[in-house]
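Read through the structure below, which is laid out as C-alpha cells, and then see the notes.
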Ligand SMILES: [Zn+2]
C-alpha cells in the first residue's frame, strides 16, 4: 500500500516537472507580438542581443525552479506524515519536557529544520542562477546569514502562532477556526506595525536618504499625496543585488517610505520620482488596507476549509500516520499541506486582483508626474537590471505575476502618450 502510494507520488511529480520543463523550454513563447515590434514595449529597442538572450534563459530556469518548488513542498509534508516522522518529532520533544512551552517550539524547530534541509538544494540552485546571471551580488556567507535569520524568525513566529492555534483546537473542537480568525486581526495589524522597525532591520541597514535634494522632492510629493511621512529611508541593497525596489510600508507611527540604494544609483531622479509616485498611489488608494481585508476574507474561508478537511484527513489516514486527533500537534504537516494547496489554488485570483491594483498605481503615478518618458525609462532600466521577461508565457503570468507584465505596462504608457498628444 505504502509502496504504491510512493510510486504514484514520484510518478505524478515527474510528469508535472516534465510538463513544466517542456512548457518553459520548448512550447512557450517569450517573444513580443508583431504589433509591438519596434515600440518602447519591444525589449529589442532597449536591450542588447546578449541581454535579451540572457533574460530569456534566466527566466526559463527561474520559472521552472519556482514551479517545481511548490509540489515539492507538498511531497515533503506527505513524507513527514507518511513515514511517521511527525510523530517521532513530537515524541522526541515530549521526551525533553512535557510542558507545552517546550514541546511546541522544539517540534517546530525539528519540522522546520527537516524541511529546510530538504529544500536547501532548490534554494541553493535559485541563488546560484541569480549569481550566474549577475542579479545576486551577495557573498555566500552573507546569503547564509540572511537564511539563518529568516530560519529563526520563522521558527519563533510559527511556534507562537501554532502554540495558540493548537490550544484553540483543543479547547473549541468545532469553532477553533473562528476563534483563530478572530485573533488574526490583531496579529496581522501588530506584524504590519513592527515589520519596518523590528523585522526588516534584521536583514539590512536603514538610514535616512543620503541625497537630500531627492529626499526633499519625495517628501514634497508625499505631502501632495497626503502621506504623513516625514522621512525617506534608504536601504543598502547594492551589496546584495542589482535588482531595484521602493515601497511604502508599516502602519500608524511606523509608516515609512523606503528606497533601495540600487534604485537611486541606477535611475535618474525623475525616474525615481515616478517609482515613488507609484508607491504613493498604493497608499493613497488604500491598497494596504485592501490587502489586509482581502487577507482576512480569504483566511476565514481557508481556516473553515482547513477545519473541515483536516478532520477528514485524520479520520482517513490518522491511524497510519500515528496521529489520534486534530488537536495532536503531530497533525501540523497536514495543516501546512492544506494551507499550501489552498493558497496555490487561490493564487490566480489573488494575483489578478493585485495586478489590477498595480495598474491603478501606474495610472496614479503617471497622472501625478505627467512624465511619460521618465516612466518608460524606469521600467526599461528595471527590466534590464533584473533580466526580467518582458512578455512572460501564459502560465507564468497567471500563476506568478502580481504586477502587470512589463509589456503591458509599457503599452499602457505608450497609449497614454498617444492620447495626451491627440488632445
Ligand atoms: Zn506597485
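If you check 19, 92, 64 for being in a helix (DSSP H, G or I), under 28 Å from the mean Cα position of the chain (by Cα), surrounded by 12 or more Cβ atoms within 10 Å (Cβ to Cβ) and free of Cβ contacts under 8 Å to residues at least 24 places away in the same chain, only one passes: 19. Just one of the numbered conditions (1) within 19 Å of residue 274 (Cβ to Cβ); (2) surrounded by fewer than 18 Cβ atoms within 10 Å (Cβ to Cβ); (3) within 19 Å of the chain's Cα centre (by Cα) is not true of residue 211: (3). Going by what's in this entry, would residue 243 be described as within 16 Å of the ligand (Cβ to nearest atom) and either on the phi < 0 side of the Ramachandran plot or touching a strand residue (DSSP E or B) at 6+ places or on another chain (Cβ under 6 Å) (or both)? Yes, satisfied. In this structure, residue 286 does satisfy being within 15 Å of the ligand (Cβ to nearest atom) and at positive phi. Inside segment 262-277, residues that are within 16 Å of the ligand (Cβ to nearest atom), in contact with a strand residue (DSSP E or B) (Cβ under 8 Å, 6 or more places away or on another chain) and under 16 Å from residue 380 (Cβ atoms) make up a count of 3.
Within segment 279-292, residues that are within 15 Å of residue 364 (Cα to Cα) and in contact (Cβ under 8 Å) with a residue 60 or more places away in the chain reach partners that are within 11 Å of the ligand (Cβ to nearest atom) and not in a helix (DSSP H, G or I) with beta carbons closer than 6 Å, at six or more positions or on different chains, in the pairs 279/246; 279/247; 279/248. Residues that are at pLDDT 90 or above, more than 17 Å from residue 304 (Cα to Cα) and not in a loop (DSSP other than H, G, I, E, B) do occur in segment 170-187, at least one of them. Would you say residue 312 is touching a residue at least 12 places away in the same chain (Cβ under 8 Å), away from the ligand (no atom under 15 Å from the Cβ) and part of a helix (DSSP H, G or I)? So residue 312 does not fit the description; no. Tallying residues that are surrounded by fewer than 17 Cβ atoms within 10 Å (Cβ to Cβ) and more than 25 Å from residue 225 (Cα to Cα) within segment 362-394 yields 1. Only a single criterion out of (1) at pLDDT 90 or above; (2) more than 16 Å from the ligand (Cβ to nearest atom); (3) buried (at least 18 other Cβ atoms within 10 Å of the Cβ) is not satisfied by residue 280, namely (2). Comparison of 319, 418, 397 shows that the only residue that is in a helix (DSSP H, G or I) and within 21 Å of residue 56 (Cα to Cα) is 397.
Quick one: how many residues across segment 378-394 are away from the ligand (no atom under 16 Å from the Cβ) and either modelled with pLDDT of 95 or more or not in a helix (DSSP H, G or I) (or both)? Matching residues across segment 378-394 total 6. Do the conditions hold for residue 59, that is, is it buried (at least 18 other Cβ atoms within 10 Å of the Cβ), under 30 Å from the mean Cα position of the chain (by Cα) and either part of a loop (DSSP other than H, G, I, E, B) or in contact (Cβ under 8 Å) with a residue 60 or more places away in the chain (or both)? It is true that residue 59 is buried (at least 18 other Cβ atoms within 10 Å of the Cβ), under 30 Å from the mean Cα position of the chain (by Cα) and either part of a loop (DSSP other than H, G, I, E, B) or in contact (Cβ under 8 Å) with a residue 60 or more places away in the chain (or both).
The values are calculated or read from the model by the stated rules, or taken from the named source; none is laboratory data. As the structure is a prediction and not an experimental result, all values here were calculated from the model. So basically every Cβ, Gly included, is an ideal-geometry build from the backbone, and we count neighbours across all protein chains shown.
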